[in-house]
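Read through the structure below, which is laid out as C-alpha cells, and then see the notes.
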Amino acid sequence: MEEMYGIKYSQPKVVLLQDTGIGVAEAAARTCYDSFENSENEVIKYIETNMPDDEMCDDINEIEESNLLNDLAWTYFHHSILEHANLSFLVRGTSRGVLQEHARHRIQAISVRSTRYTMSSIINAFVASKHGGDKNFFIDKVLDFDMFVTADEEYNKIEIGAIYDKLDYQSKKVEDFHSIAVAKSSIPFIEEFQGDAQKLFDALQSGKKKRNVGDAFKHIITDNVKVDMVVTFNLRSLKNYFTLRDSGAAYFQIRWLAKEMMRVTPSKYLDLIIKQK
C-alpha cells in the first residue's frame, strides 16, 4: 500500500513467466564478429565448426554470463544483439492509466484483460439494483469486486457512485436497456426475481454472459480501474523501458510497475541493461 497525493493505492504484482536466456544473444554477437573461438562458453566455441543439436541449444539457453555481451553493452553500445533475448511478465493489479503509458513503448507484445468481455458483473449489479435494490446496493456490491488501484474505501465509493450515475443516465436514454445489458436467456430472471436485488444479481451472475457487453459500457470506467496483462519485451526494449520508467520523472504508477518488473528480472539480464550504482 502506498499513499500519493492524499490517496492510498494498492501495488501491482509481477511474475516473470519466461525468459529465453542470453546465450542466443552471444551467438548472434559472435556471428557478427566471427569470434566464436574467443568465447568463455564452450558450447559457443563449438558453434564455429558445428551446427548445434537439441542438447547444444539447451546448453546455449542456460548460459549465465558473457564477457562479449558485457563489452558490447557497456563499452561499444552495440545494443541490437540484446534484441535476441526476450522476457515475458504477468502483471496483475496495475491501472488502465498505466496501460496507456505502456502503449507508448513501441516494441513489446502485450495482451490485456478485455473490458469488452469482463464487465458483466458490474452491469448485473446495476440491473439488480434497479429491480429491488438501490444505489447503495450497487455501491456495496461493486466495492467487493476490488476493481480499483485506489485503496481508499470512501474514494472508491465516489468512483462507484459515478459509475451508477452514468449507467442510470444511459438506461433512461436507451429504449430497451436490458437488451444491451443482459443476455437474452437471462432477461426472464428480471421478472422472476423482481423486488429481490440479491437473488436477481445471483441469477444473472449464474446465467449466460452478454457477449461483448463492454461495447456499450466502456465509457463508465476510468483510468483508476485495475487491469491484468502479459507483456513481453526483448532485452533492448526492456532497457529503454527501465531507463524511462524507473526515472523520478515517470508517472508514479508505472514507476511502481517498472520497479516490480525489475525486481523479478534475473541479474544476468539486469547486468547488461542497468548501470550498477
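Summing Lys and Arg as +1 and Asp and Glu as -1 over all other residues whose Cβ lies under 14 Å from the Cβ of Lys172 gives a net charge of -1. Calculated [222 nm] ellipticity per residue, helices only, for the chain: -14000 deg cm²/dmol; basis is -39500 (n - 2.57) per DSSP H run with n ≥ 4, divided by all residues, nearest 500.
Applying the criteria of a DSSP loop state and at most 14 other Cβ atoms within 10 Å to the GluC sites (Glu not before Pro) of segment 174-277 yields Glu175. Once you keep just the Cα pairs under 8 angstrom separated by 6 or more residues, what percentage relative contact order results for the chain? About 30 percent, as a whole number. Tell me which of Val230, Asn212, Ile274 sits at the most positive position along the dipole axis of the chain, charges placed on C-beta atoms (Lys, Arg +1; Asp, Glu -1). The residue sitting most towards the positive pole is Asn212. A straight Cα-to-Cα reach below 19 Å connects Lys135 with the lysines Lys157, Lys166, Lys172, Lys173, Lys199, residues fewer than 8 places away in its own chain not being considered. Using C-alpha pairs below 8 Å separated by at least 6 residues, the relative contact order for segment 120-220 is 40 percent. Charged side chains reduced to their Cβ positions (Lys and Arg at +1, Asp and Glu at -1) give the chain a dipole of some 1540 debye around its Cα centre. The structure shown yields Rg/Rh (Cα atoms, Kirkwood Rh), and of the options (1) 0.98; (2) 1.15; (3) 1.03 that calculated value carries the label (2). When the Gaussian network model of the chain links Cα atoms closer than 10 Å, the mean-square fluctuations of Lys239, Lys172, Lys141 top out at Lys172.
Laboratory data are not the source of any read-out in this text; all were calculated from the coordinates shown. These numbers come from a predicted model, not from an experiment. Virtual Cβ from ideal backbone geometry, glycine too; neighbours counted across all protein chains shown.
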